[in-house]
Amino acid sequence: MNILFLASELYPLVKTGGLADVAGSLPRALRELDQDVRVLLPAYPEAKERCQSLTPVAELKLLNRPATLLQTTLPDTDIPLWLLDAPHWYDRPGDPYSSPDGAPWPDNAERFGAFCWAGFHLALNRLGLGWQPDIVHCNDWQTGLVPALLSLEAACPATVFTIHNLAYQGVFPAATFSQLQLPKALWHVEGLEFHGQLSFIKGGLMYADRINTVSPTYAKEIQTPTFGCGLEGVLKRRSHQLSGILNGIDTDKWNPAADPWIPQTYDLQSLSRKQANKLALQRRFELPAGAETPLLVFIGRLVAQKGVDLILQAMPNLIRYPLQFIFLGSGEDGFEQGLLYWSRRYPKRVAVHLGYDEPLAHWVEAGADIFLMPSRFEPCGLNQMYSQRYGTVPVVHRTGGLADTVVDATPDQLANQAATGVSFDHPVVGAFQEAVKRAWLLYSQPSIWQRLQRAGMMRDFSWRRSAAEYCWLYQQALAERKAGHPPTFRQSLPPY
Ligand code: ADP
Ligand code: GLC
C-alpha cells in the first residue's frame, strides 16, 4: 500500500510528547512490512536543521500565501519525508504549538489549516510528485481537516484518523471557517461545527473511513461521558468503525543493554548492574546515594492529565517515609511551583528538573526503582512501557493504555510470574498512596521485586505487532472505499 502519514511532530526532529515517538516509529515499522509510506510534517526550524539535503519539489499557494514542499528522508531510513516550508507559519521559536512562554500561537488554526490543505493536495497527487497514496493516515486534530476535505472529492484515497488524545480538539471561533477557505458543505453539526465553533478533530471523527485510538481500553472509555470530552455521542455512533491499537515503543532507542545515555548498560542477565545507574543518578541530583532507599520518579508533561495533583496531594503523607523522589518535566506553573516547594523543603529527599531533556529521561528510567504514573486518563502512555523495559516498576492508575500494558501485582499474577507493576482503580489520593505503599512493600522483598522487574523486562512492546494491526486497519478502510461505501456515518444520522 501507498500510505501518506501526517503528523504535527516527529522524533527525533521535533517532540513535545508521545505523538512524536509514534510518528517517528510507526512509519519505520510499516516500511519493514514492505509498505510504501511517506510522511508530511511542517518545516519547523529544528526539523530543517536536523535533516540533511532538503530538496524543493513543489511550490504551493495555501490560504493565499506561498509555501514550498521540501523533500528529504526520515533520519537513518529511506522513507521519504516532506517538510511543508512556510516560514511565516512555522519558523518560530518554542514548540510546534506554543511560544516559548507556553502560550498557544494565536494563528494555530491558520498554521494547521494550511498544513491540512497541503495534505489534501498531496493525497490527491496534485503536486506533480507522481505518487498517489491509497491511504491517508491522519493523527490528532492538527490533521483533522484532511478527511473532511477529501470527503468532497469523487475519487480519493481511504482515510484513517488516529486519536492520540481526545482532550485536544482544535476548536476555534466560527469565523475561522471561512478564513481557512473551507467549503460551506462542511459547516453543519454532522460536519466540522461543534457548538457553533469550528472543530478540527471533528473532521477526523466524522469523515475518516476508520477511526482508531492508541489503546483498546481508551477506545472504549472515550465512548462514555467521563472520557468523551463532549464527543462521546459521535464516537459511540461510530463504534463499529472505531478500534484501539496499542502503541509500540522504539526498542532500539529504549534498550538498557545498549543505551548511550545511561552510565551503566544492563540486561536481564546482568540486572544487578542497574544499581550503578541509581547511585549515579542520586549523585547527579545531590540526593544521598544509597542502594536501599527506594527511588521513585516521574517523567512527563506537568498537566492535570498526568495526575500531578495526586502526587502533590500525596506528598505530605509520602514524605514521612524513607523514600526519594525525582521529577523530570515541564508544564503548568502551579504544578512546577508545587514540586519545587517539596524539593526546597526536603532537598535530600526530593529533586526536580524542570525542562525537557531526552538523555536525562533515559537515565532516570534506568536509575529508578519505581515509576509513578497516576494519570487521570491516558490514551496509551509510553513511559510505563519504557519503565518495564528498564526493570523499573510502574505504579499506575488503571485507565486507558496503562490498564492494557501493566499487570497488577496481585497474588495470582505474582505466582504466575505475569505481574509487572502496581495498579489502582480510582484516581483519588488515598488509592494512589496505598498503591505506592504496596509497591514499597514489594520492593522490600527482593526476590518478589526481581520477579516483577524481570517479567516487565521480558514483555514485547515492539512496534511489529501494532504495525501489522495498522496494515489490517488500512485494508479495512481501503476495502470499504473500493466497494464505494462512504463512511456510514456520513449518510443519515439522527440530529444530536
Ligand atoms: P504524552 O504524549 O501524553 O505526553 P506519553 O507517555 O505518550 O505521554 O509520551 C511522553 C513522551 O515524552 C515520552 O517519550 C517521555 O519520555 C517524554 N517526555 C515527557 N516529558 C519529558 C521531559 N521533561 N524530558 C524528557 N522526556 C520527556
Ligand atoms: C498522547 C497521549 C499518550 C499517548 C501519545 C501517543 O499524547 O496523551 O497517552 O501515548 O499520545 O499516542
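The values are calculated or read from the model by the stated rules, or taken from the named source; none is laboratory data. Not measured: the values here are computed from a predicted model. All Cβ positions, glycine included, derive from the backbone under ideal geometry; neighbour counts span all protein chains shown. Accessible surface is based on the protein model in full, side chains and every heavy atom, while ligands, DNA and RNA are left aside. Shrake-Rupley method; radii C 1.70, N 1.55, O 1.52, S 1.80 Å.
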- Note on the structure: Mean projected area, convex hull of alpha-carbon positions in the chain, reported to one decimal in nm², is 22.5 nm²
- Task: Kindly state, to the nearest 0.05, the FRET efficiency for Arg320 paired with Asp460, given R0 = 56 Å and r defined as their beta-carbon distance.
- Result: 0.90
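Extension gain Ala418-His240, at 0.36 nm per residue separation less the Cα-Cα distance, in nm? Spell out each step's value before the answer.
Values: separation 178, 0.36 × 178 = 64.08 nm, distance 3.17 nm.
Net length gain for the segment: 60.9 nm.
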- Sketch the reach of a paramagnetic label on Thr251 as a point 7 Å from Cα along Cα-to-Cβ, and name the residues of region 1-38 whose backbone nitrogen lies under 19 Å away. 21-34
- In whole angstrom, the spacing between the Cα centers of region 26-48 and region 180-197 equals 30 Å
- Query: What percent does the relative contact order of region 229-313 come to when contacts are Cα pairs within less than 8 Å and at least six residues apart?
  - Reply: 11 percent
- Tell me, what is the percent relative contact order of the chain, built from C-alpha pairs under 8 Å that lie six or more residues apart? 13 percent
- Heavy-atom accessible area order for Glu110, Glu292, largest first, 1.4 Å probe: Glu292, Glu110
- Query: Which whole-Hz couplings ³J(HN,Hα) result when phi for each residue of region 11-27 is put into the Karplus expression 6.51 cos²θ - 1.76 cosθ + 1.60, θ = phi - 60°, listed in order with x for Gly and Pro?
  - Reply: 6, x, 7, 7, 8, 10, x, x, 4, 5, 4, 5, 5, x, 9, 4, x
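Over 20 Å between C-alpha atoms is what I'm after, so list which of Lys15/Lys236; Lys61/Lys202; Lys278/Lys348; Lys236/Lys482 land there. If you can, show how the numbers build up before the last one.
Details: Lys15/Lys236 31 Å; Lys61/Lys202 25 Å; Lys278/Lys348 15 Å; Lys236/Lys482 25 Å.
Table pairs above 20 Å Cα-Cα are Lys15/Lys236; Lys61/Lys202; Lys236/Lys482.
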- Item | Estimated vicinal HN-Hα couplings, Hz - region 261-268 in sequence order (Karplus 6.51, -1.76, 1.60; Gly, Pro = x) | 9, 10, x, 9, 7, 7, 8, 4
- Task: Return a whole-number percent for the relative contact order of region 268-457, with Cα pairs under 8 Å and 6 or more residues apart as the contact set.
- Result: 21 percent
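Cβ under 14 Å from Gln453's Cβ, Gln453 left aside: what net charge do those residues give with Lys, Arg +1 and Asp, Glu -1?
So the environment of Gln453 carries a net charge of +4.
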- Message: Please compute, over every Cα-Cα pair in region 268-457, the percentage with a separation greater than 19 angstrom.
- Response: 54 percent
- Task: Could you work out how far apart the two model spin labels at Glu292 and Glu469 are, taking each label as a point 7 Å from the Cα in the direction of the beta carbon, and quote it in nm?
- Result: 4.4 nm
- Task: Working with all protein chains in place, sort Lys348, Lys278 by solvent-accessible area computed with a 1.4 Å probe, largest first.
- Result: Lys348, Lys278
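How would Phe327, Phe335 rank on accessible area, largest to smallest, probe 1.4 Å? Don't skip to the answer; put the middle values down first.
Details: Phe327 5, Phe335 30 Å².
Ranked from most to least accessible, the order is Phe335, Phe327.
Can you figure out the FRET efficiency of Ala185 with Arg126, using R₀ = 25 Å and their beta-carbon distance, to the nearest 0.05? Kindly include the intermediate steps, with their values, before the conclusion.
Numbers: r = 20 Å, r/R0 = 0.78.
Result of the calculation: an efficiency of 0.80.
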- Can you run phi through the Karplus equation (6.51, -1.76, 1.60; θ = phi - 60°) for region 291-304 and list ³J(HN,Hα) in whole Hz, with x for Gly and Pro? 6, 6, 5, x, 10, 9, 10, 9, 10, x, 5, 8, 9, 4
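Can you give me the accessible area per residue for region 119-183, using a 1.4 Å probe, in Å²?
31 Å²
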- Query: Of the heavy-atom accessible surface of the chain (probe 1.4 angstrom), what whole percent is carbon and sulfur?
  - Reply: 53 percent
- Alpha carbon centroid spacing (whole Å) that separates region 90-107 from region 298-319: 26 Å
- Message: Using only Cα atoms and rounding to the nearest 10 degrees, what angle (0 to 90) does helix 446-457 make with the longest principal axis of the chain?
- Response: 20 degrees
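With a 1.4 Å probe and every protein chain left in place, work out the accessible area per residue of region 29-117 in Å², rounded to a whole number.
Values: 3950 Å² over 89 residues.
With the other protein chains kept in place, region 29-117 gives 44 Å² per residue.
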- Using 7 Å Cα-to-Cβ label points, what is the Glu358/Asp78 separation (nm, one decimal)? 2.4 nm
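Counting only heavy atoms of the protein chains, get the accessible area per residue of region 268-457 (1.4 Å probe) and round it to a whole Å² value. Mind dumping the intermediate values first?
Values: 6990 Å² over 190 residues.
Per residue, region 268-457 has 37 Å² of solvent-accessible surface.
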